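*Asks:* Handing you a structure now.
The values are calculated or read from the model by the stated rules, or taken from the named source; none is laboratory data. Owing to the predicted nature of the structure, the values given are computational and were not obtained by experimental measurement. Note: ideal-geometry Cβ built from the backbone for every residue, glycine included; neighbour counts use all protein chains shown. For accessibility, only protein heavy atoms count, side chains too; no ligands or nucleic acids. Shrake-Rupley method; radii C 1.70, N 1.55, O 1.52, S 1.80 Å.
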Amino acid sequence: ATGQKRLSRHVLTDRLHLTLPLLPFRIMRALPVPGVRAAGGFVVDRGVRRFLETIELTDVYWWILRERGDALRGVLSDLSEAGKAKVPTLIHCAHGKDRTGVVCAVVLHVCGADVEAIASDYALSDEWGCSPKGQDIMLQAMPERFRERIKEWNSPPEDDMEEQPFWWRQFGRWCGAEAVTIVELWRRIDKRYGSMDAYLDSIGFDETNRAELAAALTTEA
């Protein structure tokens, strides 16, 4: 839900230069004239694809941190309590690397890992994310209005039966888990808040909370 709402804001803010010119063609697509409707649909389809190709995983993770800080604080608090009680905890989401990846990245930071180690850990999910099953799960997690179109873009040409991981490069980037995504996310956090700790302070998970979480999840070597 956060991603869908933020996509809508993206349309109305910094992506208007891509989406506003499509308005006349959206009207054409609704007209009961086959040739006109087909022409409008073709341009809109191409424009929507171009818009989606501007959305990177770092954008999505940034939106999660900026707009769901309350939920993140709740998860971190729950992990801290479970850790104190020595109760095993499963962190999961639809694809297993995006919302899950953000939470795990923050937890690793709180436990003392540096950004390079966090990024390397995140990148271990790349093979799963780009696997056929991982791609299918990602596709099902897409907004319904985009799902069939993305599926079509991601289908191999009929005359090429050779299996490929993915055909639409952008979909492959969404399915993957590259270390640079976390490095760029940390850069944005540092630029906006000064540090990840300062960001966590801003959502109400302060130094005392972080120390409790780290103590609950780590042991001295």
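*Asks:* Can you tell me which residue within the stretch 32-50, out of those that are loosely packed, with under 13 Cβ neighbours inside 10 Å and either modelled with pLDDT under 70 or among the hydrophobic types (A, V, I, L, M, F, W, C) (or both), is nearest to Trp168 (Cα to Cα)?
*Replies:* So in the stretch 32-50, the residues loosely packed, with under 13 Cβ neighbours inside 10 Å come out as 32-35, 38, 46.
Going one step further and asking which of them are either modelled with pLDDT under 70 or among the hydrophobic types (A, V, I, L, M, F, W, C) (or both), we end up with 33, 38, 46.
On the way: Val33: 31, Ala38: 23, Arg46: 13 Å.
Only one residue tops the list, namely Arg46.
*Asks:* Taking the stretch 119-137, which residues are of a type outside the set (D, E, K, R) and closer than 13 Å to Asp98 by Cβ? Give the derivation first.
*Replies:* Of the stretch 119-137, the ones of a type outside the set (D, E, K, R) are 119-120, 122-125, 128-132, 134-135, 137.
Listed by number, the residues that qualify are Tyr122, Ser125, Trp128, Gly129, Gly134, Ile137.
*Asks:* Another one. Please go through the stretch 164-189 and pick out each residue that is open to solvent by less than 70 Å² (accessible area, probe 1.4 Å) and either in a loop (DSSP other than H, G, I, E, B) or without any contact (Cβ under 8 Å) to a residue 40 or more places away in the chain (or both).
*Replies:* Of everything in the stretch 164-189, those that are open to solvent by less than 70 Å² (accessible area, probe 1.4 Å) and either in a loop (DSSP other than H, G, I, E, B) or without any contact (Cβ under 8 Å) to a residue 40 or more places away in the chain (or both) turn out to be Phe166, Trp168, Phe171, Gly176, Ala177.
Residues are listed down the side, and each one gets a yes or a no for (1) open to solvent by 70 Å² or more (accessible area, probe 1.4 Å); (2) charged (D, E, K, R):
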| position | (1), (2) |
| --- | --- |
| Ile91 | no, no |
| Asp98 | no, yes |
| Gly112 | no, no |
| Glu116 | yes, yes |
| Asp121 | yes, yes |
| Trp128 | yes, no |
| Gly134 | no, no |
| Ile137 | no, no |
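*Asks:* Hey, another quick one. Pairs only if they're at least six apart or on different chains, beta carbon under 8 angstrom, first in the stretch 190-208 and in a helix (DSSP H, G or I), second open to solvent by 60 Å² or more (accessible area, probe 1.4 Å) and of a type in the set (S, T, N, Q); list them, first residue then second.
*Replies:* Tyr193/Ser202
*Asks:* Residue by residue through the stretch 53-89, note down the ones that are under 13 Å from Phe205 (Cα atoms), free of Cβ contacts under 8 Å to residues at least 24 places away in the same chain and open to solvent by 60 Å² or more (accessible area, probe 1.4 Å).
*Replies:* Residue satisfying the conditions is Asp78 alone.
*Asks:* Same structure, new question: (1) open to solvent by less than 70 Å² (accessible area, probe 1.4 Å); (2) at pLDDT below 95; (3) touching a helix residue (DSSP H, G or I) at 6+ places or on another chain (Cβ under 8 Å); (4) of a type in the set (D, E, K, R): which one isn't true of Asp160, the others all being true?
*Replies:* Result: Asp160 fails condition (3) only.
*Asks:* Give me the pairs: first residue in the stretch 95-124 and of a type in the set (Ser, Thr, Tyr), second residue part of a loop (DSSP other than H, G, I, E, B) and modelled with pLDDT of 95 or more, beta-carbon distance under 7 Å, and six or more apart or on different chains, which are they?
*Replies:* Once the first residue is of a type in the set (Ser, Thr, Tyr) and sits in the stretch 95-124, its partners that are part of a loop (DSSP other than H, G, I, E, B) and modelled with pLDDT of 95 or more give Tyr122/Ala177.
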